[in-house]
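Notes for the one structure printed next.
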Amino acid sequence: MKYTVKSTALSAVTGNVIVGVFEEGKLSLAAQTLDQLSQGAISQLIRTGDIKGKQGEMVTLRLPNANLERVFVVGCGKQGVLNVRQYKQLIKNTIQAVKATNAEQVYNFLTEVQISDRDLYWNIRFAVESVAESFYQFDHFKSKKSDQHSALQEMVFVVDSAQQTEAETAVQQGQAIGLGVRCAKDVANCPPNVCNPAYLAEQAKKLIEKSPHFKVSVLGEKEMAELGMNAYLAVSQGSQNEAQLSIIEYRNHPNPQAKPIVLVGKGLTFDAGGISLKPAASMDEMKYDMGGAASVYGVMNALAELGLPLNVIGVLAGCENLPDGNAYRPGDILTTMSGLTVEVLNTDAEGRLVLCDTLTYVERFDPELVIDVATLTGACVVALGQHNSGLMSPSDALANQLLSAAKHSADNAWRLPLGEEYQEQLKSRFADFANVGGRDGGAITAGVFLSNFTKKYEWAHLDIAGTAWLQGANKGATGRPVSLLTQFLIDQVK
Ligand code: BES
Ligand code: MN
Ligand code: ZN
């Protein structure tokens, strides 16, 4: 899809246009102009009750006498009260209708629709993200590809000439995020027999073709053993697929010495639970247990597209957790890279073991701050459901920056507490820590476990167990929290 920004009067447009009508039959400015050009075609639609302006309504008109190919008339609800979710849905419905025709280009006049508390930038940015979303499909493994291809090639956002620059920024950033989300979805949806730790590392290495600012290196199990990453290795030892830790360095800060922002993604390409085996129902969904790594990979793609003047290091902690004669056991005591010891009480609490060593490893980059992203706990899904990622951080400043990025990008997150009082639950009779803290506050005790390994830098943890993928009929990766994190990075530049 190509997106352009123009300041064109509707009377000068020939072709396909999208215009809005609001509740109680109020016409948008574009709809008013069109009504005049078409001897009242729009007001007639309202009079006949074909459209009332309610959200979700949609009528397609052909108006040859107004020099137009087609008019997509969209119900936009009450002007100014539309929330982001409703707006995105409205764009998706509209694009669905456009795609069903053979329109190749469409002039979008919904730029005058006001999302509550948002300006034109967000109108366009969310439109671009939503269009990208509605074009997404994952049919690499279908022998018959879906015949969903549409003629649509270009969307023109119509704006006042004074808003040209703002609109172009919105298009550019929306496209970069759309691309990042797509990259994240593609690797996450990929089945675990294909997307194993080596595959993740391959995707990481291919990034160097996308920007001269990238440098990528990969650690295998031999290198990890030399570093003493024994917790990470223990998780991997039941798998035939070698663990791979990919390090994607993006260096484009005007001051090359500037400390990097480090993003760490949990990359369990499959989590069967190990000896503490998971139940069979929905176990297939544990291919998404690399959703954290997928989102970090997506963010790095968006970053390259945006060319932000920052130093950012993305780390994909690829690994597989399986039961096996050589698998690690409940009762094992592991010496982590930090020197701290962990008693394994449940081999299904593997994410924190992979992450604790990775979080120690990234100390060598002398980070400005570290954010880890992980499908870490079922408890987080119980606490927050599917709409908010769980955010934990000892730093109010960092937590607030992330919450603000989450709110702006509509990739929501909710903060959960951390506190030393929760450390009680992680006490072990025989080692420094147990790897599980019981049922109560399970998302928090996982975060608190990690906090013991992040003392050397500012740190935040995002538990995306509920948000990384959808279940049921729409099963699939969501690409979250790519927009949240990319927004956070964009905000770092300002
Ligand atoms: N990857 C899972 C967490 C998960 C479960 C994410 C369901 C999304 C949906 C993680 O490795 C895990 O198994 N966690 C355990 C921890 C428990 C043993 C303390 C869990 O949440 O049950
Ligand atoms: Mn697990
Ligand atoms: Zn897991």
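The values are calculated or read from the model by the stated rules, or taken from the named source; none is laboratory data. No experiment lies behind these values; they were computed from the predicted model shown. Here Cβ is always computed from backbone atoms with ideal geometry, including for glycine, and neighbour counts include all displayed protein chains. Heavy atoms of the whole protein, side chains included, go into the accessibility calculation; ligands, DNA and RNA do not. Shrake-Rupley method; radii C 1.70, N 1.55, O 1.52, S 1.80 Å.
Per residue, segment 24-115 exposes 49 Å² of accessible surface when a 1.4 Å probe is rolled over the protein heavy atoms with every protein chain present. With r defined as the distance between the Cβ atoms of residue 140 and residue 407 and R0 fixed at 22 Å, what FRET efficiency is calculated, to the nearest 0.05? So the FRET efficiency works out to roughly 0.05. Of the cross-linked pairs 26/54; 2/145; 142/185; 2/144, which ones have a Cα-Cα span greater than 20 Å in the structure shown? 2/145; 2/144, as the Cα separations exceed 20 Å there.
Note that segment 384-398 has calculated 3J(HN,Hα) couplings of 10, x, 9, 9, 10, 6, x, 10, 9, 6, x, 9, 5, 4, 5 Hz, one per residue in order, obtained from phi through the Karplus relation 6.51 cos²θ - 1.76 cosθ + 1.60 (θ = phi - 60°); glycine and proline are x. Per residue, segment 177-493 exposes an accessible area of 37 Å² to a 1.4 Å probe, with every protein chain left in place. Here r is the Cβ-Cβ distance between residue 26 and residue 282 and R0 is 35 Å; the resulting FRET efficiency, rounded to 0.05, is 0.15. Ligands, DNA and RNA left out, the accessible area of the chain computed with a 1.4 Å probe is 48% carbon and sulfur. Helix 351-361 against the longest principal axis of the chain: what's the angle in degrees, Cα atoms only, rounded to the nearest 10? Once rounded, the angle reads 80 degrees. Accessible surface comparison of 58, 392, probe 1.4 Å, protein chains only, largest first: the order is 58, 392.
Determine the relative contact order of segment 177-493: mean sequence separation of Cα pairs under 8 Å and six or more apart, normalised by residue count, in whole percent.
Numbers: 781 pairs, mean separation 72.4, N = 317.
Computed over segment 177-493, the figure is 23 percent.
Across all directions, the average projected area of the convex hull around the alpha carbons of the chain is 24.3 nm². Projected onto its three principal axes, the C-alpha set of segment 314-461 covers 48, 35, 31 Å, listed from the longest axis down.
The 3J(HN,Hα) values that the Karplus relation (6.51, -1.76, 1.60; θ = phi - 60°) gives for segment 132-144 are, in residue order, 4, 4, 6, 8, 6, 8, 10, 10, 3, 9, 8, 6, 10 Hz. Gly and Pro appear as x.
Hey, which aspartates and glutamates would be in cross-link range of residue 455, C-alpha to C-alpha under 20 Å, not counting anything within fewer than 8 residues on its own chain? The reachable aspartates and glutamates, counting only those whose Cα sits under 20 Å from residue 455, are 357, 363, 366, 368, 372, 396, 420, 421, 424, 432, 463. Loop-located trypsin sites (Lys or Arg not before Pro) in segment 122-221 (DSSP state not H, G, I, E or B) with no more than 10 neighbouring Cβ atoms inside 10 Å: 142, 144, 145. Taking the chain, the Cys residues with no second Cys beta-carbon under 4.7 angstrom are 76, 183, 319, 356, 380. For segment 344-386, the C-alpha radius of gyration sits at 1.42 times the compact-globule guess of 2.2 N^0.38 Å, with N the residue count.
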